[in-house]
Amino acid sequence: MTDETIAPSADRPEAGPEEARPIARRTLHDEVVTRIRDMITEGQLAPGARVHEGQLGAALGISRTPLREALKFLAREGLIELVPSRGAIVRRFSPKDVYDMLSVLATLEAEAGRLACANASDADIAAVAALHARMMAFYASRNRLEYFKLNQAIHTAIVRLSGNAVLADIHETLQSRLKRIRFLGNQEPPKWDEAVAEHEEMITALTARDPDRLAKILANHMRNSWERVRQTLP
């Protein structure tokens, strides 16, 4: 093969990174995982409840194969337990489990906040602020589930801006396990209002690139999350 054969020509220019980037599409697996995760978050699948594959598959309009793959994925997230002879069980966490996980998240997010202030670009910070603005629109319309999804996306975004992949992986695992419980923390309007005020402080500190202030706000937010959810736990 000659150089002429492989070299780009004027009629066939070489594809750049932007041209070669694949188009993101949600797969059936993604849709099923998201739907079941939402059902756990909203309590339609209660902690400790057995997942009846036939009934759930019929309700979602899918066969058992994609359903089981989704349940395996959620088991890796820690939301589902796969128990021999019993099948899939929605995982139940004790108050101590929740307290311990929130304590670790407080430490992880405080460190992530410091690193994000140093490492994030202006465009990165603007993107997090845009997520916050969208979240506030759902808060104004009292759409608690969509608000909560963006709330969690903001925490994830700040952690990813730390540039520490190990920290982000551990954070993702714990955050996934706490979705249902933290969602319950916003049931009462005063608690929801308090959480929103803390998020506004987060964005202000991140925009100002104030590492100590952001670290303190994030750690306190996790500690306050415990106070908001503790009475909802068995």
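Some observations on this one:
- Candidates 91, 114 - the one that is surrounded by 12 or more Cβ atoms within 10 Å (Cβ to Cβ), in contact with a Pro (Cβ under 9 Å, 6 or more places away or on another chain) and either modelled with pLDDT under 95 or acidic (Asp, Glu) (or both): 91
- Positions within the stretch 52-80 being open to solvent by 30 Å² or more (accessible area, probe 1.4 Å), over 11 Å from residue 32 (Cα atoms) and acidic (Asp, Glu), in sequence order: 53
- Being touching a Gly at 6+ places or on another chain (Cβ under 6 Å) and on the phi < 0 side of the Ramachandran plot is a property that residue 180 lacks.
- For the stretch 9-34, taking the residues that are under 23 Å from residue 78 (Cβ atoms) and surrounded by fewer than 16 Cβ atoms within 10 Å (Cβ to Cβ), the one that is modelled with the lowest pLDDT is identified as 26.
- Residue pairs whose Cβ atoms lie under 8 Å apart, separated by 6 or more positions or on different chains, with the first residue in the stretch 40-61 and over 21 Å from residue 233 (Cα atoms) and the second of a type in the set (D, E, K, R), are 53/64; 53/68; 54/64; 57/64; 60/35.
- Evaluated against (1) in contact with an Asp or Glu (Cβ under 8 Å, 6 or more places away or on another chain); (2) basic (Lys, Arg); (3) more than 19 Å from residue 42 (Cα to Cα), residue 160 falls short on exactly one condition, (1).
- Residue 196 vs. criteria more than 21 Å from residue 97 (Cα to Cα), at pLDDT 95 or above and touching a helix residue (DSSP H, G or I) at 6+ places or on another chain (Cβ under 8 Å): yes
- Residue within the stretch 195-212 that is touching a His at 6+ places or on another chain (Cβ under 8 Å) and open to solvent by 40 Å² or more (accessible area, probe 1.4 Å) present: yes
- Restricting the stretch 133-163 to residues that are closer than 13 Å to residue 109 by Cα and out of contact with any helix residue (DSSP H, G or I) (no Cβ under 6 Å at 6 or more places or on another chain) leaves a set whose member that is most open to solvent (accessible area, probe 1.4 Å) is 156.
The values are calculated or read from the model by the stated rules, or taken from the named source; none is laboratory data. These numbers were taken from a predicted model, which means no experiment stands behind them. Quick reminder, even Gly has a Cβ in these numbers, built from the backbone with ideal geometry, and neighbours come from all protein chains shown. Keep in mind that these areas ignore ligands, DNA and RNA; they rest on the heavy atoms of the full protein, side chains included. Shrake-Rupley method; radii C 1.70, N 1.55, O 1.52, S 1.80 Å.
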